[in-house]
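The block underneath contains the structure these notes are about, expressed in structure tokens.
The values are calculated or read from the model by the stated rules, or taken from the named source; none is laboratory data. The shown structure was predicted, so the numbers you read here are calculated from the model rather than taken from an experiment. Positions of Cβ are backbone-derived with ideal geometry, glycine not excepted, and every protein chain shown enters the neighbour counts. Accessible surface is based on the protein model in full, side chains and every heavy atom, while ligands, DNA and RNA are left aside. Shrake-Rupley method; radii C 1.70, N 1.55, O 1.52, S 1.80 Å.
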There are 2 protein chains.
Amino acid sequence: MAGEGLEAVGPAIVLVEPQLGENIGMVARAMANFDLRDLRIVAPRDGWPNERARAAASGAIHVIDAARVFAGVEEAVADLTYVVATTARPRDSLKPVRGPDEAGTDLRGRISAGQPAGILFGRERFGLSNEEVGLADEIVTFPVNPAFASLNIAQAVLLMSYEWMRSGEEMAKGRAHVPTEAPPAEKVDLYRFLDHLEGTLDTAQYFHPPEKRTAMTQKVRTILTRAAFSEMEVRTLRGMLRHIERRMKAGPGKRSNGAPAGDETA
Amino acid sequence: MAGEGLEAVGPAIVLVEPQLGENIGMVARAMANFDLRDLRIVAPRDGWPNERARAAASGAIHVIDAARVFAGVEEAVADLTYVVATTARPRDSLKPVRGPDEAGTDLRGRISAGQPAGILFGRERFGLSNEEVGLADEIVTFPVNPAFASLNIAQAVLLMSYEWMRSGEEMAKGRAHVPTEAPPAEKVDLYRFLDHLEGTLDTAQYFHPPEKRTAMTQKVRTILTRAAFSEMEVRTLRGMLRHIERRMKAGPGKRSNGAPAGDETA
């Protein structure tokens, strides 16, 4: 079972009167992708358990098997302290309305503080009733194109689950991003490559007319410095250049000495 | 039709060899939710047009009808200046790796600056090949549960489309960055330069032994794609290469034809 034994905690995902087993299965998969496990189903149309849900869940069977069924929304959220209702568009309501990102951050804060929370998702056809929305502490709407707003419940669960995961990353790292870059080349290696290249270009009579040599050299240096090559990359580039140069000296048709190619130390 | 007449611009969504028409239809719906319209399909398994794709798209038929089919990834991204590859988990690559949120912000900045960009999504079964990832400027991975990473392509498109929409909201709040760079090269020009360079390296017997050719080519392409050369820079690099090649043909000691050097049009 995915991540068994880890103390993973997240918001409960509450599906209200879902109709299609396939959608329930896809919800389970969306949850598993972001390590959510607490699935609650209110009055599923086709009863429970549901073979279509199991089939569509594929690897997320652990979520389906742990799902709980309730007769109504009130029962389903009874043990929670904070409930968010998802709606296709803002309702005429006095409740706070947020985007999924703010909601994710808010839920993270509450759950980290030991306050169980959950998210309501409505029926495929007409979402949540006003009464059900009335049970929630806040409303989340998705920033969709008003001319084409048709997220299905599995997609809505996917976006909320994604924002839950993302809020954890934000919390863990702050907003800092650590680039995974290779060690950059020391300037001395880069310059050696540039000198080498300029020698080759001289041989190739690239710098013409001579009075433009300085400006042209500068341009080549700028291009190849801006690229911020790594140590390994500079080594590869020098290997390429060495082969080209050898061939220039050997002339057309002749074989050069056939030394092995690839990375070479200087 | 959704939003017809609006000057809506966003990243191209490029599906590489998608297998199931249903998935293509669901991709179209995900795009329409966030007002993306430029769908490009590389070698769809079941041909095109695809009735199953139309059926699954339901209200997003306008995206399906406007979709374009290409024989390969290179052709599909030829007119773009920045390409992001989505992968299930980080590859052993020197390309920058980001999350969908940073990528969305970055794409927003580029597209706002008039630089066309696109996002690659791989096959249902095994994603993108290393060669295809090699064509991209950066990699996006989704922050999924490592024990259960199974986003399908429609879900991956949904998350990227959502982040695209969200970046627009951020920009409205003044947080997205706008790069102040020289106009980047179109991919078609970069690929032409890389083809040219590989021809030169072949002549120089750089690719040795022959069985290492693919890996070595891949490495060279990765280095020179990561550098994100501008249009002017690619032109200069091609001019350099042309001189070197001419000299290789002329052989040592002889003067080549003495054509003026510097920037040349292709």
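Residue A:245 meets each of the listed conditions (1) within 40 Å of the chain's Cα centre (by Cα); (2) surrounded by 17 or more Cβ atoms within 10 Å (Cβ to Cβ); (3) of a type outside the set (S, T, N, Q) apart from (1).
Based on this model, can you work out whether residue A:87 counts as free of Cβ contacts under 8 Å to residues at least 60 places away in the same chain, closer than 28 Å to residue A:53 by Cα and within 13 Å of chain B (Cβ to nearest Cβ)? No; evaluated as a whole, the condition is false for this residue. Return the residues of region B:16-48 that are in contact (Cβ under 8 Å) with a residue 12 or more places away in the chain, open to solvent by 10 Å² or more (accessible area, probe 1.4 Å) and more than 10 Å from every other protein chain (Cβ to nearest Cβ); say none if nothing qualifies. Within region B:16-48, B:17, B:19, B:20, B:22, B:23, B:37, B:38, B:43, B:44, B:45, B:46, B:48 meet the criteria. Go through region A:49-62 and count every residue that is open to solvent by less than 20 Å² (accessible area, probe 1.4 Å) and either part of a strand (DSSP E or B) or closer than 24 Å to residue A:166 by Cα (or both). Qualifying residue count, region A:49-62: 2. Residue-level check: of (1) closer than 16 Å to residue B:137 by Cα; (2) part of a helix (DSSP H, G or I), residue B:228 misses just (2). Can you find a residue in region B:63-82 that is open to solvent by 30 Å² or more (accessible area, probe 1.4 Å), assigned to a loop (DSSP other than H, G, I, E, B) and either modelled with pLDDT under 95 or not small (Gly, Ala, Ser) (or both)? Yes, the conditions are met somewhere in region B:63-82. When residue B:65 is tested against (1) touching a helix residue (DSSP H, G or I) at 6+ places or on another chain (Cβ under 9 Å); (2) in contact (Cβ under 8 Å) with a residue 12 or more places away in the chain, exactly one condition is not met: (2). Considering only residues that are at the interface with chain B (Cβ under 9 Å from one of its Cβ atoms) and either farther than 23 Å from residue A:183 by Cα or open to solvent by 60 Å² or more (accessible area, probe 1.4 Å) (or both), which ones fall in region A:216-236? If the condition is that a residue be at the interface with chain B (Cβ under 9 Å from one of its Cβ atoms) and either farther than 23 Å from residue A:183 by Cα or open to solvent by 60 Å² or more (accessible area, probe 1.4 Å) (or both), then A:216, A:219, A:222, A:226, A:228, A:232 are the ones that fit. Among the criteria (1) over 28 Å from residue B:214 (Cβ atoms); (2) open to solvent by less than 50 Å² (accessible area, probe 1.4 Å); (3) in contact with a strand residue (DSSP E or B) (Cβ under 9 Å, 6 or more places away or on another chain); (4) within 14 Å of chain A (Cβ to nearest Cβ), the one residue B:95 does not fulfil is (1). The criterion of at least 2 residues that are among the aliphatic types (A, V, I, L, M) and touching a strand residue (DSSP E or B) at 6+ places or on another chain (Cβ under 9 Å) is met by the following helices (runs of 4 or more DSSP H) wholly inside region B:102-215: B:153-172. Within region B:115-126, no residue that is under 8 Å from residue B:12 (Cα atoms) sits with its Cβ atom under 7 Å from a residue that is among the basic types (Lys, Arg) and open to solvent by less than 20 Å² (accessible area, probe 1.4 Å) at 6+ positions apart or across chains. Residues that are within 21 Å of the chain's Cα centre (by Cα) and closer than 22 Å to residue A:205 by Cα within region B:196-236 comprise B:196, B:197, B:198, B:232, B:233, B:234, B:235, listed in sequence order. When region B:98-109 is filtered for residues that are closer than 25 Å to residue B:182 by Cβ and open to solvent by less than 30 Å² (accessible area, probe 1.4 Å), the ones remaining, listed by number, are B:103, B:104, B:106, B:107, B:109.
Mind listing whichever residues of region A:122-157 are closer than 23 Å to residue B:171 by Cα and either within 10 Å of chain B (Cβ to nearest Cβ) or open to solvent by 10 Å² or more (accessible area, probe 1.4 Å) (or both)?
A:141, A:142, A:143, A:144, A:145, A:146, A:147, A:148, A:149
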